[in-house]
1. I need the shape label for segment 425-492. Rule: rounded when a/c is under 1.5, else prolate if a/b > b/c, else oblate, with a, b, c from the alpha carbon gyration tensor.
2. Subtract the Cα-Cα distance of Ser434 and Lys259 from 0.36 nm times their separation in residues, and report this length gain in nm to one decimal.
3. Tell me whether segment 155-259 comes out rounded, prolate or oblate; compute the Cα gyration tensor, take square roots of the eigenvalues as a ≥ b ≥ c, and use a/c under 1.5 as the rounded threshold.
4. List the pairs from Lys305/Lys473; Lys90/Lys164; Lys370/Lys466; Lys259/Lys292; Lys305/Lys466 whose alpha-carbon separation is above 19 Å, in the order I gave them.
5. Skipping prolines and chain starts, which residues have an amide H placed within reach, meaning under 5 Å, of the one on Glu280, given they are 5 or more residues away or on another chain?
6. Subtracting the Cα-Cα distance from 0.36 nm times the residue separation, let me have the gained length for Met469 to Lys388 in nm, one decimal.
7. Points 7 angstrom from Cα along the Cβ direction at Ser443 and Ser215: gap in nanometres?
8. Go ahead and run the numbers for FRET between Cys491 and Glu332, Cβ-Cβ distance against an R0 of 35 Å, rounding to 0.05.
Amino acid sequence: MTTRSSSPSSPLLSSPSSTPPPISSNARGKLLWTGASSKAKGKRIQYPVDNVDRISMLPDELLQKILSTLSTKDAVKTSTLSKRWVDQWKWRPHLSVGMRNISRTNPTSRLRELSLRVAESMTRTIDNHRGRLESCTISHFLFQCKDGTLDRWVQTVTHEKQTKELTLINYIGCMGPFGGYNRLYLSPSTFSHPSLTSLSLTRYKLTETAFKNCSNLKTLKLFDIMSDVSVLSIVFKACSSLEVLVLQITCLNLGCVLKIENKNLQVLQVTCPTLINKMEVNAPRLEILDIKYIYCDSFLLDAPKIMFNRDYWFGAISVPHISYHISSLAQEKKRIWFELLVSQFFNMKRYGSLSVSVDVRNPNELEILKEVLLLWNEEMKNLEIIFKNNNAPREEGESSINGGARNKWLDGEKPFPDAFFRVRTVWMYNFDGSNEEEFALASRFVTQGTVIDKLMIETSTYPPVKQLMTEAKVAKLMELPKGNDYFTIECF
């Protein structure tokens, strides 16, 4: 006989000393009895253990959230748990299918057979998925590129699943003598579906066929791509609405001219190890220019927001350099940018120089500057800080708000910059000695030992009175205790 509990608590939440609730004859599942007996302690106490599948009783929204933490392969496996789970994975907003699990130790003669078998499974997974996709990643071998399988996959996920972000990866590393850059054989206008806004391609020889009227694309990433410059020009022209463009390319025409003209482009990253005579960029809205490596004789830039004063190109050799016009960049583009900032290409870590234009009276821009510097994983060669002209009078109460934000990371418990960030030389332009935030930032560079060689502050272009006032502030910087005794402070 079971004693009725006066507590409304669930047996799963009850304390060990509580009396278990009554057992319902309609309870789903089996009830197992556990407990321990002791003649010294009296009667045996028994507790029911309910093996009801309570996870399956959760609403679809929670089940989908659980599945979103799994890989596509593991999510599909959950369909064998019970009838409740059969179709759950089919509504995942993210899908990733590929051939990375085919071992490279397999003999070349079996790769075709194995890839065809995996391709059939990939087709079933794509076809069985229901609903729309936020993102889809497809990785494949040479065979799927040539026999039309890749084209069918892409048509399905773009036109039927209305994928927003599509990633295609060619696993040439597994192909041995059959490897090489696969020509991207796809149907015309494959990437022109209105729902597709982001496209990433890795290890292909690019063709213009699939790029017809792709004004829907906002982000285009071309990783380890081989292409003629003429093909690239056609692709750039077809993608007229691009806001983010990432190029890690090998140009097949040596000594060519690479032109990028786009009125909507905001983020541009370029890596090109082959020699080009000239690179021309015309992008009036460009806010981030990231040159990881280029080998060119001439670089022409028409982008009013991008400012830098040092010569980062010496003859045909490019010094890695980022120019960043810090502003309220949309969160999604900022996420993409930060991912690119810390990414490595051919195992090359981030190094080189950085130029930023920033309004240090704006707490949001200060925070972005901090985030960018923290993401730098190597000693920086040069850091240019171009202070924005912001002479607008502050409204009542604004000084205390901004001052609080400044103190939060310039003077707070964990101020920044600190000694963990290292830079050879800092160049400051448009420095206003009467601006408390600008002086506080310069002071941090002096006292924290962040600067290794020099802190250079421009004053020679100022009117006489402003030059005297600014140089007086520089003199005060020189009086501060230095975190590094070997660096100097100079005006130029």
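1. On the way: a/c = 2.02, a/b = 1.66, b/c = 1.22.
It is prolate, given that a/c is not under 1.5 and a/b is the larger ratio.
2. Working it through step by step, the gained length comes to 58.7 nm.
3. Oblate shape, in that a/c is at least 1.5 and b/c is the bigger or equal ratio.
4. Where the Cα-Cα span goes over 19 Å, the pairs concerned are Lys305/Lys473; Lys370/Lys466; Lys305/Lys466.
5. Placed amide hydrogens put Leu258, Lys259, Ile260, Leu300 under 5 Å from Glu280.
6. Length gained between Met469 and Lys388: 27.3 nm.
7. The answer from the label model is 5.4 nm.
8. So the FRET efficiency works out to roughly 0.25.
Laboratory data are not the source of any read-out in this text; all were calculated from the coordinates shown. Keep in mind the model is a prediction, meaning the values are calculated, not measured. Neighbour counts run over all protein chains shown; Cβ positions are idealised from the backbone, glycine included.
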